[in-house]
Amino acid sequence: MTDPNKPADEPKLAKNETIKADSNLLRGTIADGLRDDSTGALAADDTQLTKFHGIYQQDDRDLRGERRKAKQERAFAFMTRVRVPGGVCTPQQWLDMDRFCTDYANGALKLTTRQAFQLHGIIKKNLKTTIREINDSLMDTIAACGDVNRNVMCNPNPYQSKLHAEVLEKVVRKLRAGMMPPAGRPRPDQASYVSLTSYLETELDRAAASNPDPGRSDALRRLNGTEYRNAIRDLLDLEIDVTALLPADDSSAGFDNVSLGGLDPGRMERYLTAARKISRLAVGDPHAPIGSRTYTNSGDVSPWDRVEGAPRGTRGGISVVHNFWADGEYVFNLAFEHTTTGGFYGQTGASEQIEVSIDGVMYLQVIDPKAASYGVDDYVMAAHQLA
């Protein structure tokens, strides 16, 4: 005979649901198990029920083999998770939790992403006292574990939480692509999809507009080579070759990445040396020691094309920027690039013309109709007075 008050096709409960249904409102035999000092564990059904009281039964895995050989039961202990609604606790509650983990647990106080404190390594005889003192501090462990909904330890307001804004951006992309909810799960109608997505996009845009993030840069950093050269040019009207004065800057993806941390002692010394040289150039030094500088072209520069910086109508040669420290006599020595067979680029035709110009003013012109027959040493120029 069929009971009319009982549904015909009532689904069979899962094992854990049966344990809860028969537990007398989640009591089970937990109290009896806590009084049993013959074992450090609770009964199997009670270990399921304690999860709804915020407690997990665990054991030390590192000791399993050793205790098995000694024919001892596992080194059981309990983890207790304490709820922190809203992610806020008072200073006194924090101090209380610090004391609990020292007096009753293994000394470690963990903060979880589930808006909770966690205490590990509580042995069974201390478990009841720990829970009582947690309750006395106006906190509890109810529903901190098990199949219940829990919050996360992070501000859910995208106006104040960059992390949540990033997560919601991903949610919007998945909603737009129809990837949420997952396949096989109940799905809302299209109007609900559009409404939710539009709401999230509007709120994210509003949060971004009200809290702009310009990024972060170092409060203080050194100048890179290009900035240093431009600063010297603007302040002292000097053109300097930073590659000869300063070490190369680190770069990534085509950008110089420099910061105060990159100013090591060696680099600092190069900057100081450069400053001394540049200051002499800026003010002039008639007692500066005699020196020399050689400028060269790479071997693959064409002698038939105009060199950048040279006067119009010229070809070949070299154009450089050089700072003269003071008025005086300067000697210019010219030499030609030549091949292994002895031929000279720029000397292959008669009536070749060589010019030396400084700041656009021609100081020397050599016209030699027999240029092809001359050697390099014949082109050593005489000294010229520069006013």
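None of the figures in this text is laboratory data; all of them are computed from the coordinates on show. No experiment lies behind these values; they were computed from the predicted model shown. Cβ sites come from the backbone with ideal geometry, for glycine too, and all protein chains shown count toward neighbours.
At a glance:
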item: Calculated from backbone phi, Karplus (6.51, -1.76, 1.60) coupling profile of segment 79-85 in Hz, x at Gly/Pro; result: 9, 10, 10, 9, 5, 10, x
item: Taking Leu163, Leu49, Leu175 and counting other C-beta atoms within 10 Å, the order from fewest to most; result: Leu163, Leu175, Leu49
item: Size of segment 10-81 as Cα extents on the principal axes (Å, biggest first); result: 48, 26, 24
item: Gain on full stretching of the segment that runs from Arg68 to Arg221 - 0.36 nm per residue minus C-alpha separation; result: 48.9 nm
item: Extension reserve of the Asn323-Thr294 stretch, reckoned as 0.36 nm per residue once the Cα distance is removed; result: 9.1 nm
item: Asp36 long-range amide H proximity, modeled H, under 5 Å; result: none
item: Neighbour-count ranking [beta-carbon atoms within 10 angstrom, fewest first] of Glu269, Glu133; result: Glu269, Glu133
item: Pair Thr314, Ser192: separation of 7 Å Cα→Cβ label points (nm); result: 8.0
item: Distance (nanometres) between label positions extended 7 Å along Cα→Cβ at Gln58 and Asp241; result: 6.7
item: Neighbour-count order for Met180, Met268, Met97, fewest beta carbons within 10 angstrom listed first; result: Met268, Met180, Met97
item: In order through segment 224-240: 3J(HN,Hα) via Karplus (6.51 cos²θ - 1.76 cosθ + 1.60), integer Hz, x for Gly, Pro; result: 7, x, 5, 5, 5, 4, 5, 5, 5, 5, 6, 8, 10, 6, 10, 9, 10
item: Rounded to whole Hz, the Karplus (6.51, -1.76, 1.60) HN-Hα couplings of segment 300-315, x for glycine and proline; result: 9, 6, 6, x, 9, 10, 5, 8, 4, x, 7, x, 5, x, 9, 9
item: Amide H contacts under 5 Å for Lys110, placed H, 5+ residues apart; result: Gln118
item: Extension gain, Asp22 back to Arg176 (0.36 nm per residue minus Cα-Cα distance, nm); result: 50.9 nm
